[in-house]
Amino acid sequence: MRNLLMLCHDDARLVVEGFRKILSITDKFMKNEDTPDGVEEEIQKILDDSSEIKNALIKELHEIGGVLVSRDDFFRLISAMGDIMDQTKGISARFIAIQRHGFSVPEDVAQGLNGLSDMAFDSMIKLREAMMSLGFNSEKAVGFTKEIDELEKVFDEAYFKVEMTVITSDMELPAVLIMKDAITLMENTVDTVRAASDLIRIIAL
């Protein structure tokens with residue numbers, strides 16, 4: 001069980017590290033600067049590391065067998081973490097595509113993106129903390145999952161406003177479509193974070 005929890009902690013840290021790269025891209029949008037070279041490769045490396053941890057987690061669960069009551073919940077949690085990593089890669093690919101095509105991002109759109117990214121990142125920080133508390137302090141883990149619920153509500157309200165800002169902006173149509181797809185994927189990511197936090201709550205209880 002200890003090895004299982006340690007692997008989950010490592011995976012949670014990678015989720016945070018992966019999305020941190022998104023923040024570096026949205027920060028460049030705010031400054032109207034290009035994304036540094038190598039960001040895609042760095043995200044892919046994090047994704048590969050997460051995939052290795054996922055395989056190790058599955059192996060660990062198989063070895064534990066039916067002794068672990070919450071075994072199925074751990075499987076679902078591992079899957080959710082993998083989904084978050086895939087979604088992070090998708091978001092970054094779309095943001096980078098906008099920059100590579102030379103599309104201009106208006107200031108109000110950039111500010112909205114920055115706000116959404118910060119909230120999404122906060123939810124992942126809470127998810128990591130909930131995961132780190134799992135197995136050591138169940139009450140604390142549950143507390144973090146409740147904070148994620150509240151963050152998701154705030155994010156959903158902000159998401160609608162940013163979506164309208166993107167749609168009504170003067171960006172070129174291809175840029176609008178790519179940007180809208182990116183922020184929708186970000187909303188899906190936050191939903192997945194909440195789903196993962198629900199599983200942590202179940203395991204903790």
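Every number in this text was worked out from the coordinates using simple rules, so none of it is lab data. Just so we're clear, the structure is a prediction, and the values are computed from it rather than from any experiment. As a convention, Cβ positions derive from the backbone with ideal geometry for all residues, glycine included, and neighbour counts pool all protein chains shown.
Once both axes come from the Cα atoms, what is the angle between helix 71-100 and the longest principal axis of the chain, in degrees from 0 to 90, rounded to 10? Helix 71-100 sits at roughly 20 degrees to that axis. Overall, the ratio between the Cα radius of gyration of segment 82-205 and 2.2 N^0.38 Å, rounded to two decimals, is 1.17. Once you've got the GNM for the chain with C-alpha springs shorter than 10 Å, pick whichever of MET30, MET179, MET124 has the biggest mean-square fluctuation. Result for the chain, Cα springs under 10 Å: MET30 fluctuates most.
Ordered by the count of other Cβ atoms within 10 Å of each Cβ, fewest first, LYS21, LYS161 give LYS161, LYS21. Go ahead and collect, in residue order, the members of segment 176-205 whose backbone nitrogen is under 14 Å from a label point 7 Å along the Cα-Cβ direction of ASP72. From segment 176-205, the list is 203.
Tell me the mean residue ellipticity at 222 nm calculated for the chain from its helices only (DSSP H runs of n ≥ 4, each -39500 (n - 2.57), averaged over every residue, nearest 500). The helix-only estimate for the chain comes to -30500 deg cm²/dmol at 222 nm. Build a GNM of the chain with springs between Cα atoms under 10 Å apart, and of MET131, MET186, MET119 the one that fluctuates most is MET119.
Extension gain for ASN137-HIS62 works out to 24.5 nm (0.36 nm per residue, less the C-alpha to C-alpha distance).
Charges only on Cβ, +1 for Lys and Arg, -1 for Asp and Glu: so what's the dipole of the chain about the Cα centre, in debye to the nearest 20?
For this selection, approximately 480 debye.
Computed over the chain with a Gaussian network model linking Cα atoms closer than 10 Å, the most mobile of GLY102, GLY143, GLY90 is GLY102.
Among the listed pairs LYS54/LYS146; LYS45/LYS89; LYS21/LYS89; LYS21/LYS59; LYS126/LYS153, which are separated by more than 18 Å between their Cα atoms?
Over 18 Å Cα-Cα: LYS54/LYS146; LYS21/LYS59.
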